[in-house]
Every structure is written in structure tokens, then in C-alpha cells.
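**Student:** Supplied in C-alpha cells, the structure appears directly below.
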Amino acid sequence: MQDLYREHILDHYENPRYHGTLAQPDFTHEESNPLCGDRIRIDVKLCHKDGRDVIANAAFTGEGCIISQAATSMLLEDVVNKPVDEVEQTDPQHVLDLLGVPLSAARVKCALLGLKVLKTGIKRWKLSRQ
Amino acid sequence: MMGNEFMLDIARIRADFPILNQSVNGKPLVFLDSAASSQKPLPVLQAMEEVYRYAYANVHRGVYRLSELATERYDQARAKIARFIGAPEPECIVFTRNATEALNLLAYAYARHFLKPGDELLITELEHHANFVPWQVLARERDIVLKFIPITAEGVLSLDALEALLTERTRLVSFAHVSNVLGTITDPAPIIQRAHQVGARVIVDASQSVPHMPVNVMEMDCDFLVFSGHKMLGPTGIGVLYGKRDLLEAMPPFLTGGDMISMVDFDGPQWNDVPLKFEAGTPAFVEAIGLGAAVDYLSALGMPAVRQHEQAMTAYALERLSEVNGVRIIGPTDSRIRGGVVTFTLDRVHPHDLATLLDAEGVAIRAGHHCAQPLHIRLGLNATARASFYIYNEPADVDALVEALYKAKLALRR
């Protein structure tokens, strides 16, 4: 039963990377999973690099299960320094691969909450610029 | 019938539930989620299969033998259920899909018809969404004032607060007989008496009581009572609305169509008599017959014995869980006022992680807000874990739960 709660997942839960808030984020988005009450808020700071919008820094806060919090920590570790357009296209499977453990259907929603928050945040930020 | 004796012959009962005799993740299944939906015994499955094999045709239609057979059994099921809850006659029993639909029926056909803007409707802080959302929608739509009876720190309804909340504008009071989260058993009689004194009608959500303890609608004198079949050994898709006959007769229909009319011509319809007025379309009569078989099964065990068994299980679970460091019981810790529902949190462990880790040990519990989000807001909790018991659970199931809790703590280093 330790399978799902492997060392690296517990580590990300207990010592989350990119945890907290940013002073002047370019955008902030927050969502919760109504079924389990998991909540995640992500702040994103952007910069311009080679003519593209790139995620310069990100930070999250939230509450919820180990899977939702650890997956968000891994996700932010993965997306910082990547172009926004690329991050927006992230395949959900990529997040599941980062976790690297088999998840039941009910728990996949926990794992993907952070990605959903980030993608929606990017979409809204793009709309606000138009 | 006090004391913590286990009254039921569990080995014999478990033989009727083949689903329980299986392994999950290589461990024997320990099913502790009957408050969400119960398992079904063979006699219920057989009763339904027999109808489909030998006695199936649409009810209230054919003049041929097969339709008569099905209709007879449907009527018998209604009569059994009426007797089971002490209803004066089968005509007081309306079949619905579940308790949720029964409450919606009342919101539409009773409340929207008889309540006026400014009237007050009283529910409680501990309601399931089924007894919450229909009234919120109604209140918004019709300017009806929705008020909430608060719970005390112990998780029981505050009757003192009830006194302050009841006014001459209170038209309807609706509350859960047993909370699906706190397990709290509310004595319905005093609330119903006080509500009647101000001229209000009373709905009892008996979804967590009718399956688990003796319930008598005449003794409690409620105006309406609702419950679901699938939580009491019956199939999904069948629920019950009990109503006092004069009230049911005064109400307009909920859904319209076939079977609920006595006559239709080009000028319009005339409604059928109760309860058929509320059963538009082909009803779930095979499921109703299955529910009738479930009622037979429970009656043979005896509802006082069912309650005593669950009380003993609850007392044992409360005792064993309190031994586990970091476990906090939510709701009353006195098994005499608690149904077979034990909700808890484990310090620094999210209930979903806990449920996943317990599942790996074959232990099925519920995690989340159990369709009672306002109550969780009131308790200041995001989510909780819940173990619930029924006639097929035994003390060894609680032992397995506690053992799995220790393993989960170890896995998460808590």
C-alpha cells in the first residue's frame, strides 16, 4: 500500500517546492475540487525571453490531499522557465508521469487539480490581454 | 434493549451477501460504507429476478394474467412498506426514485403550492444536500425565508434555538431523523409537536433511520417522511414518500403523463387518486417489489435487534478508534444517540489519502463531505472520513479498520 505514497511524493508533500505567494504576480488563479474540498491557488510571474512569454516564477498555496499538493509542487518545478504557450498545452498524462504512481480514476482528479488551475490561469491571462 | 450485546447471527446474514465474500487488493473486503448505499441480500435479488423471469408485464395496464400478477406484487410491496413504517394505509405510500426525488416532489407539489412569499421554512445545519438544496432553490425563487436550526458543540440539534426560530410564519420544518455525518439521532416527536403548535407541517428525512431502527410515522405524527430503498438492502431507483392522506390529496401532481390520470379528454386531464397521482409513467415496480423483499428481510431480523446490533458496533468502533493517536471523532460519542455512522479525522492526514490507504487494505470507507458541505463549513472541516455499519458488519470489521489506520499512519509517517 506504500506504492502510492512513495518517498518522492511524500517529500514533495512535506517540503513543497514553489510554495507560497508572489509579491507582484502577472496572474493568480484559484480553484477547488467540489467533491473533496481540495483547493489550490497559483501565482505566476512572467518574463519575456526570445520573443516569448516565459514563466519566470510561480508559487502555490492550498489545502488538500497528498496527491493534489505533491502533484502541484512537481508541476511548478517542471513549468518554471518554460514558455507559457508550451505549458498551456501540457498533456495531463505528463503530470501523472511526474507522479509516477498508478492512480485510480477518483484520485486522477486530485492529481490534475494543479494543472487545471494553471491552465485556466493562463487562459484568463491571455483573454485579459486581448 | 439496552447494552452493547450483538444480537444478530452475522455468519448467517453474511451468507446472504455473496458480494462481501471477496478480496480487494489481495485482502478480504471490509465494507464500511452502507450509509452511502447498502449491499443486497440474495432474497432481494431473487425476488426481482423472479418477477423478470415469471411475472413481468407492465402494471395497471393489461387485463391479462401476467400484468395482473405484476400489479398484485407491486401493490403487496406498497402494503409491506406501509406496515413497516406504521403508515395507516398503503395509499399513504408514494414510490419515488429515492429520498432526493421525494423531497423535490414535496418542494414542488407541496411547498410551491402552499407557501407564500415571506413564509418561513426551517431546516437544520446538519442536513444532507438533498434536504438543503431544494429548499434553497425554493427560497430564492419564491422569497421564502430559509432558517437553520443550529447544532450544539456535541453535534445535536439545539432545541432551545428551535424555540427562538419557530414563528407564526413558519410553514414547513424539514429535518434528518439521523445525520449521515454526525450519526446524531434526533428525537422527532418534540420538534414535530412544537412545529404543529405554530401550524407548520413537518417533513422527516428518514434516509438514515428507516434502514436502521424502528420507525413509526403514526407515533411521531410527522406529515411527510422520505427514505431511499438502496440504503436498506433494496435496489437503486426506488424510494418512498410517506404523506398524510389528506395532504397528499390536497397537493397537485409533481410529474404528469400516463398512470397519474383518471381520465383525459381534449379539455384536459383529471388526476388519478393518491398515490398514483404522483407516479407518472411506468413505475419502477420491479425495484419496488425488491424493496418489499428487503423489508421482509429486515422484519424477519426485527428492527429493534438491528438497532441494538448497530449500537453495539458503534460503541465498539468509538472505543477502538479513540485508542488511535490523532483520531478525532466528529459528532456524539454516546452510542445511545448515535446511529451506525462513525465519522472521524486523522491528524495531518487528508481523508482521501486515508481512504486510498485503507482501500489498499481492503477496507472501504467514505471520504469527503458526504453531501453535507454546509455542515462541514459549520464544523470548520474540509472533509472527513466515515465508517458506517449495517447488519452484516461485525466487530472484526472495526478491528480491520483500526489495524489499517495504524498501517496508514506508518506509511505516511504520522
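The values are calculated or read from the model by the stated rules, or taken from the named source; none is laboratory data. These numbers were taken from a predicted model, which means no experiment stands behind them. Note: ideal-geometry Cβ built from the backbone for every residue, glycine included; neighbour counts use all protein chains shown. With ligands, DNA and RNA removed, areas are computed over all heavy atoms of the protein, side chains included. Shrake-Rupley method; radii C 1.70, N 1.55, O 1.52, S 1.80 Å.
**Student:** Within the set of pairs 6+ apart or on separate chains, which have a first residue in the stretch B:390-414 that is in the same structural domain as residue B:311 (by TED's automatic domain parsing) and among the acidic types (Asp, Glu), a second that is outside any helix (DSSP H, G or I) and surrounded by fewer than 19 Cβ atoms within 10 Å (Cβ to Cβ), and C-beta atoms under 9 Å apart?
**Tutor:** B:394/B:6
**Student:** Further question: Considering (1) over 26 Å from the mean Cα position of the chain (by Cα); (2) more than 14 Å from chain A (Cβ to nearest Cβ); (3) crowded, with 22+ Cβ neighbours inside 10 Å, say which one residue B:402 fails and leave the rest.
**Tutor:** (3)
**Student:** Just checking, which of B:336, B:348, B:366 is modelled with pLDDT under 95 and among the basic types (Lys, Arg)?
**Tutor:** Unique residue meeting the criteria: B:348.
**Student:** Moving to a separate point now. Identify the single condition in (1) open to solvent by 10 Å² or more (accessible area, probe 1.4 Å); (2) on the phi > 0 side of the Ramachandran plot that residue B:370 does not satisfy, given that it satisfies every other one.
**Tutor:** Failing condition for residue B:370: (1).
**Student:** Still on this structure, please answer the following. Please specify each residue of the stretch B:327-353 satisfying the condition of being facing chain A (nearest Cβ under 9 Å) and either buried (at least 24 other Cβ atoms within 10 Å of the Cβ) or of a type in the set (Gly, Ala, Ser) (or both).
**Tutor:** B:350, B:351, B:352, B:353
**Student:** One residue is enough: does the stretch A:29-40 have a residue meeting the conditions part of a helix (DSSP H, G or I), at pLDDT below 95, within 14 Å of chain B (Cβ to nearest Cβ) and surrounded by fewer than 14 Cβ atoms within 10 Å (Cβ to Cβ)?
**Tutor:** No, because not a single residue in the stretch A:29-40 is part of a helix (DSSP H, G or I), at pLDDT below 95, within 14 Å of chain B (Cβ to nearest Cβ) and surrounded by fewer than 14 Cβ atoms within 10 Å (Cβ to Cβ).
**Student:** How about the stretch A:33-48: which of its residues are touching a residue at least 12 places away in the same chain (Cβ under 8 Å) and out of contact with any Leu (no Cβ under 8 Å at 6 or more places or on another chain)?
**Tutor:** A:35, A:36, A:37, A:39, A:41, A:46
**Student:** Then there is this: I need a count of the residues in the stretch B:216-237 that are in contact (Cβ under 8 Å) with a residue 40 or more places away in the chain and farther than 16 Å from residue B:90 by Cα.
**Tutor:** Number satisfying all stated conditions: 11.
**Student:** Open to solvent by 70 Å² or more (accessible area, probe 1.4 Å), in contact (Cβ under 8 Å) with a residue 12 or more places away in the chain, within 14 Å of another protein chain (Cβ to nearest Cβ) and on the phi < 0 side of the Ramachandran plot, is that true of residue A:77?
**Tutor:** no
**Student:** Of all residues in the stretch B:224-263, which are of a type in the set (D, E, K, R) and either modelled with pLDDT under 95 or open to solvent by less than 10 Å² (accessible area, probe 1.4 Å) (or both)?
**Tutor:** B:259
**Student:** Okay, next question. Step by step: first the residues of the stretch B:377-389, then only those that are over 30 Å from residue B:9 (Cα atoms) and free of Cβ contacts under 8 Å to residues at least 60 places away in the same chain, then the one that is surrounded by the fewest Cβ atoms within 10 Å (Cβ to Cβ). Which residue is that?
**Tutor:** So, considering only residues that are over 30 Å from residue B:9 (Cα atoms) and free of Cβ contacts under 8 Å to residues at least 60 places away in the same chain, the one surrounded by the fewest Cβ atoms within 10 Å (Cβ to Cβ) is B:380.
**Student:** Please specify each residue of the stretch A:41-52 satisfying the condition of being open to solvent by 40 Å² or more (accessible area, probe 1.4 Å) and closer than 26 Å to residue B:377 by Cα.
**Tutor:** A:41
**Student:** I've got another one for you. How about the stretch B:168-210: which of its residues are within 19 Å of residue B:245 (Cα to Cα) and in a loop (DSSP other than H, G, I, E, B)?
**Tutor:** B:199, B:200, B:206
**Student:** Now for a separate question. Assuming residue B:396 fulfils every condition listed in (1) open to solvent by 20 Å² or more (accessible area, probe 1.4 Å); (2) touching a Ser or Thr at 6+ places or on another chain (Cβ under 8 Å) apart from one, which condition is it?
**Tutor:** It fails just one condition, (2).
**Student:** Quick check on residue A:75: is it modelled with pLDDT of 95 or more and either under 21 Å from residue B:353 (Cβ atoms) or of a type in the set (A, V, I, L, M) (or both)?
**Tutor:** yes
**Student:** Another one. For the stretch A:80-110, how many residues are modelled with pLDDT under 95, open to solvent by less than 40 Å² (accessible area, probe 1.4 Å) and under 25 Å from residue A:21 (Cβ atoms)?
**Tutor:** So the answer is 2.
**Student:** Take the stretch A:15-25 and flag every residue that is open to solvent by 70 Å² or more (accessible area, probe 1.4 Å) and away from chain B (no Cβ under 14 Å).
**Tutor:** Listed by number, the residues that qualify are A:18, A:19, A:21, A:23, A:24.
**Student:** Taking the stretch B:303-323, which residues are surrounded by fewer than 24 Cβ atoms within 10 Å (Cβ to Cβ) and in contact (Cβ under 8 Å) with a residue 60 or more places away in the chain?
**Tutor:** B:303, B:304, B:305, B:306, B:307, B:308, B:312, B:315, B:316, B:320, B:321, B:323, listed by residue number.
**Student:** Does the stretch B:388-397 include one or more residues that are in contact with an Asp or Glu (Cβ under 9 Å, 6 or more places away or on another chain), facing chain A (nearest Cβ under 10 Å) and of a type outside the set (S, T, N, Q)?
**Tutor:** No, the stretch B:388-397 contains no residue that is in contact with an Asp or Glu (Cβ under 9 Å, 6 or more places away or on another chain), facing chain A (nearest Cβ under 10 Å) and of a type outside the set (S, T, N, Q).
**Student:** Got at least one residue in the stretch B:115-123 being within 19 Å of residue B:238 (Cα to Cα), open to solvent by less than 20 Å² (accessible area, probe 1.4 Å) and in the same structural domain as residue B:150 (by TED's automatic domain parsing)?
**Tutor:** Scanning the stretch B:115-123, I find no residue that is within 19 Å of residue B:238 (Cα to Cα), open to solvent by less than 20 Å² (accessible area, probe 1.4 Å) and in the same structural domain as residue B:150 (by TED's automatic domain parsing), so the answer is no.
**Student:** Considering only the stretch B:1-107, give the helices (runs of 4 or more DSSP H) lying wholly within it that have at least 3 residues that are open to solvent by 50 Å² or more (accessible area, probe 1.4 Å).
**Tutor:** Of the helices (runs of 4 or more DSSP H) lying wholly inside the stretch B:1-107, those with at least 3 residues that are open to solvent by 50 Å² or more (accessible area, probe 1.4 Å) span B:10-15, B:42-54, B:65-84.
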